[in-house]
Structures are given as C-alpha cells and as structure tokens.
Amino acid sequence: MKIHNLGFLLLFSASLACNETVEVLASYPVADVQAKLTSNKSGVANIIFKSADGGQTWQDISEGLPEKTPAGNFFANDKGLYLRAGNGIYHSKPNSTAPFWENEISTDEHSSIAPGKTGIFAYNYYEGQFRQKINGSSVWSPIYANFRESGILNVFETAGGTVFISCDRGHGFFKSTDNGNTWKKVHTEGVVLNLVESNGVLVAISHLRTIRSTDDGETWETVISEGGTGTIEIIDGGFAAITYNTKSNTRSVRTSYDGGKTWQAIDAGLPASPRIASIIQVGEYFYCGHPNGIFRSSDKGKTWKLLLPSIDNKIFNLSVSGGVIYAMPRAVGC
C-alpha cells in the first residue's frame, strides 16, 4: 500500500480482496482517522457522525446521547435526525451544537421509529403499542390500538395517507386507508422489510424478492427475484436497491429509472461483499455504506472512491437531510 500525505489531503490506493483498486480521498491522514472520529469531550463517541461537505470531513455528534447504550434505528428528514437510543427517542436539529440531542420521549415501550407523512411513528416489535407525534405538535399520542398482530418490523405512510405495517414470522403485510380503523392483509409471500414511494409507485424489499405496486398496495409484482435481506431508497428520478444473492453470497446495488420496472447494477467498482448496508444520493453523488467504509460515486455508480474507512470493523448505515449526510456505524449483521 502506497501512502502520499500532502498536508491534510491524503491519496492512497489499496489492493482489496476482490483484486480491485479503490482510490481513497480523505481530509486527514489515515493514521488520524480513529482520533478524528472519536474525539468527544463528553466521553460519548462513535454512535453517529455528520458530514456537511459531501463526506470529505466528518463530525462526531454523539454528545447528548446516553452513555454506553447501543443506538437503535434512525432516519433524517427536513427537521433533522431522529434516533432511537437507550430508553428514549432523540432529535438533533440540522444546526445543532453540542450537546447535539434533545430527548423527545423516554419509554421502554417503543423500540423503533419511522417517518410518516403526517408525523413520526414509534412502535414496539413485540406488541405494537404505536404512538405518533403529529407534525407541528410536541405530543406523542397512542394510535392503531386495534392492530392485533405482533412482530412489528416497519410502519410506512404514503403521500395519500395509506398506512402499511409489516410483521415478522409470517404474520403478513397489512394496509389501512381509514387511519388504522380497519386493516387488510395485502401480501403474504415473504417478510416485507422496508418500503418507499415515488410518483405513486411503491417498491418494497422482502426476504424473497423486490416487489412493486402501482395500485396503492392492492397487488404486487416481482421486479427483482434475488432473495435475502436488503434495503430500498429514493433517488433522483427513481429508486436504488440493495439485494442479497443467496447463490453468490453477495449483496448487489441496483438503480431503476422507469418506476421500478427494470434495474441496472451499479456496483462493478465496489468490492464484492455480503454486507453492503446502505445507498443514498446527495446532489449528483451516490454514497454507499460498505464493510470497507463509506464509498462515493460521481458517475451514478460506474466508479467508486472510498471516502472514510470503516471504524471498529463496523458498517456505516447512511441517511441524508438536505445536503447533510449522517452515518451510524453498526456491528456486522445490523
């Protein structure tokens, strides 16, 4: 491995296991990566990072979160970043300074959070116990009291107000068009892991395949037949998906620009791995959370550059609000 340190601009190339060479651009010497990311006066560190310059530099914004407590799921929207950590749901505004987090709600009942058209959802995996904070309100109110299934994986609300709830262990995928008063099972083939919507088209990742609906979730068609877990995101003009190939034991990154009908691979320049975690778009760039670190592509996935090496052998899950990128290092398998 050759390293050329030019002040605070570092360029180096590393031969990876897949025999590909990946160019790395970072704004600090590689020896200082750990120190750069873990510096935090409060002692709480390495839970969540933020970049406002396209991934060139990263700020640890963990201060204000519970100490020695693993963080749960998170998402970013126009209000900033929301994170489930410890016994609370925490919010960091886009321009927050240390301590970066406000505790929205403290409770043991809600293990996950999700964004919604009308507000933020909080729910428990085992029994649901749904709450929602309506946009413009500071109150978390109970909802969906008559939803009786367990093993809640995700809640999703469309632009038109339809709500979907996905459940684990074969319990199904449910839909409500009347604010949760009644529910209808709309998909039974595989556990639906996550769901997105763009221009009236719904695309979801399940354990068995990637599926698509154009009739508000009443019927679904298979668009990618690869099995295994993955994720789906909105990009400019279409969708990006990460799927798992059980034959090659690798994850694939694909994009679609025709409403999810057809998909093209964009991972030829990424090291092959079964643990690619996330894909987002910020401006003209794609960013990928990979076991080797955070990669960036300026040509829609034709080539990739490693911006930030992995820390503590963890994989970065990514989210974006405006031009700000948030990265959470998660243990392998998360």
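Based on alpha carbons, the Rg and Dmax found for the stretch 245-331 are 12.8, 39 Å.
Taking only the Cα atoms of the stretch 192-265, the ratio Rg/Rh comes out at 0.94, with Rh defined as the Kirkwood radius.
Neighbour counting of Cβ atoms within 10 Å sorts the residues 197, 189, fewest neighbours leading, into 189, 197. Proximity of backbone amide H atoms, modeled 1.01 Å from N, is registered between residue 330 and 315, 316, 317 at under 5 Å, excluding neighbours fewer than 5 places apart on the same chain.
List, in the order given, every pair from 50/247; 50/184; 117/261; 184/247 whose Cα-Cα distance in the structure shown is over 32 Å. Pairs exceeding the cut-off: 50/247; 50/184; 184/247. Report, ordered by chain and residue number, the aspartates and glutamates lying within cross-link reach of residue 302, taken as a straight Cα distance under 12 Å and ignoring same-chain residues fewer than 8 apart. Candidates past the 8-residue exclusion: 267. Simple rule: put +1 on each Lys or Arg Cβ and -1 on each Asp or Glu Cβ in the stretch 192-265, find the dipole, and look at 237, 257, 210; the Cα lying farthest toward the positive end is 210. For the stretch 192-265, averaging the sequence separation of C-alpha pairs within contact (under 8 Å, six or more residues apart) and dividing by the residue count gives a relative contact order of 23 percent.
Values quoted throughout were computed directly from the atomic coordinates according to the rules given, and no laboratory measurement underlies them. What you are looking at is a predicted structure, and each value in this text was computed from that prediction instead of being measured. When we count neighbours, we look across all protein chains shown, and the Cβ atoms used for this are built from the backbone with ideal geometry, even at glycine.
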